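K.L.:
Below are the structure tokens for one structure; questions will follow.
The values are calculated or read from the model by the stated rules, or taken from the named source; none is laboratory data. Nothing here was measured: the structure is a model prediction, and the numbers come from that model. Cβ placement follows ideal geometry from the backbone for every residue including glycine, while neighbour counts extend to all protein chains displayed. Each accessible area value is taken on the protein alone, full model and side chains, heavy atoms only, with ligands, DNA and RNA left out. Shrake-Rupley method; radii C 1.70, N 1.55, O 1.52, S 1.80 Å.
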Amino acid sequence: MRIIAAKDYNDMSRKAANIISAQVILKPDCVLGLATGSSPIGTYKQLIEWYKKGDLDFSQVKTANLDEYRGLPKSNDQSYDYFMKDNFFNHININFDNLHIPDGEEPDAEKACADYDRIVADLGGVDLQLLGMGHNGHIGFNEPSDVFAKGTNCVDLQESTIEANKRFFASIDEVPRQAYTMGIGTIMSAKKILVVVSGKDKAPIVKKAFFGPITPRVPASILQLHPDVTVIADADALSECEL
Ligand code: F6R
């Protein structure tokens, strides 16, 4: 595991965008695994800027997002489908046929999960998976648990996650209680993984996840076993670690 110290959120975002750019330049038809949330927004902004300058071409890139709320229509401005279009896809030359996100509108959880596993397998797996990390160590929506989930699964969101996400909804009652998420097994089968993490509030979980024991109680801790993980963390997020 490579841990890269960034000065602040902007520095973290530029460094992450550099790594994604290199991936797209080296393999123009690569599969990018993408995340939502506040951590990657700066990375997407930087990539959009470089695309607009003419430095990047996304026309052959394929994407597979980590997760989607169950039961939220794509048109809802809090769906992850909407988030990705708004923060990234609408601003670059990506082919919309090449975008994949678990289908939150599919009420049959078993079908939604099996379909998404098939989609990711048909893509040939993920070349570079971008991840944020929740305060409880979740990646995707894989919450702390007794086991590491292998494939796409339907999860009940934890109170702390609902609490953290309520800022995006009019009230806490509107935050969906379930989500479909790529499993830990699928995340771990990505060829490369890039984690972006920033802020003092993430410092305790950064220490636990990347320097503590590997346990499904801290889902991100499994990343310590992956052969090609880069964590880009800002000074605040690293403030409890001795590097
Ligand atoms: C989002 C996702 C989540 C977030 C995590 C951190 O697609 O999979 O695991 O990465 O909740 O969220 P932020 O970046 O908002 O702190």
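K.L.:
Please work out which residue is farthest from I119 (Cα to Cα), limiting yourself to segment 57-80 and to residues that are polar (S, T, N, Q) and more than 16 Å from the ligand (Cβ to nearest atom).
P.N.:
As a first pass, look at segment 57-80 and keep what is polar (S, T, N, Q): 59-60, 63, 65, 75-76, 78-79.
Checking which are more than 16 Å from the ligand (Cβ to nearest atom) leaves us with 59-60, 75.
Working: S59: 19, Q60: 17, S75: 22 Å.
Among those residues, the one meeting the criterion is S75.
K.L.:
Quick one: which of D115, D122, D146 is over 17 Å from T215 (Cβ atoms), open to solvent by 70 Å² or more (accessible area, probe 1.4 Å) and either more than 10 Å from the ligand (Cβ to nearest atom) or touching a residue at least 40 places away in the same chain (Cβ under 8 Å) (or both)?
P.N.:
Details: D115 fails: open to solvent by 70 Å² or more (accessible area, probe 1.4 Å); D146 fails: over 17 Å from T215 (Cβ atoms).
Among D115, D122, D146, only D122 is over 17 Å from T215 (Cβ atoms), open to solvent by 70 Å² or more (accessible area, probe 1.4 Å) and either more than 10 Å from the ligand (Cβ to nearest atom) or touching a residue at least 40 places away in the same chain (Cβ under 8 Å) (or both).
K.L.:
Continuing with the same structure: Based on this model, can you work out whether Q46 counts as of a type outside the set (D, E, K, R) and in a loop (DSSP other than H, G, I, E, B)? Outline the logic, then answer.
P.N.:
Numbers: of a type outside the set (D, E, K, R): yes; in a loop (DSSP other than H, G, I, E, B): no.
Considered against the rule, which asks whether it is of a type outside the set (D, E, K, R) and in a loop (DSSP other than H, G, I, E, B), Q46 comes out as no.
K.L.:
Which numbered condition in (1) open to solvent by 40 Å² or more (accessible area, probe 1.4 Å); (2) without any contact (Cβ under 8 Å) to a residue 24 or more places away in the chain; (3) over 29 Å from D8 (Cα atoms); (4) not small (G, A, S) is the only one that V175 fails?
P.N.:
(1)
One line per residue, one yes/no per condition, for (1) touching a helix residue (DSSP H, G or I) at 6+ places or on another chain (Cβ under 7 Å); (2) more than 25 Å from P204 (Cα to Cα):
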| site | (1), (2) |
| --- | --- |
| H138 | yes, no |
| N165 | no, no |
| F169 | no, yes |
| T186 | yes, yes |
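K.L.:
So, I3, is that one within 16 Å of the ligand (Cβ to nearest atom), modelled with pLDDT of 95 or more and among the hydrophobic types (A, V, I, L, M, F, W, C) or not?
P.N.:
Details: within 16 Å of the ligand (Cβ to nearest atom): no; modelled with pLDDT of 95 or more: yes; among the hydrophobic types (A, V, I, L, M, F, W, C): yes.
In short, no.
K.L.:
Quick one: in segment 200-235, which of the residues that are buried (at least 19 other Cβ atoms within 10 Å of the Cβ) and of a type in the set (D, E, K, R) is farthest from the chain's Cα centre (by Cα)?
P.N.:
Out of the qualifying residues, it is D234.
K.L.:
State whether one or more residues within segment 42-56 are open to solvent by 60 Å² or more (accessible area, probe 1.4 Å), within 15 Å of the ligand (Cβ to nearest atom) and under 17 Å from the mean Cα position of the chain (by Cα).
P.N.:
yes
K.L.:
Quickly run through segment 13-41 and pick out the residues that are part of a helix (DSSP H, G or I) and within 15 Å of the ligand (Cβ to nearest atom).
P.N.:
Taking segment 13-41 first, the residues part of a helix (DSSP H, G or I) are 13-26, 41.
Listed by number, the residues that qualify are S13, A16, I41.
K.L.:
In addition: Filtering segment 82-109 down to residues that are open to solvent by less than 20 Å² (accessible area, probe 1.4 Å) and not in a loop (DSSP other than H, G, I, E, B), which residue is nearest to the ligand (Cβ to nearest atom)?
P.N.:
Of the residues in segment 82-109, the ones open to solvent by less than 20 Å² (accessible area, probe 1.4 Å) are 84, 88-89, 92, 94, 102, 104.
Next cut, not in a loop (DSSP other than H, G, I, E, B) only: 84, 89.
Numbers: M84: 9, F89: 14 Å.
If we take residues in segment 82-109 being open to solvent by less than 20 Å² (accessible area, probe 1.4 Å) and not in a loop (DSSP other than H, G, I, E, B), then M84 is nearest to the ligand (Cβ to nearest atom).
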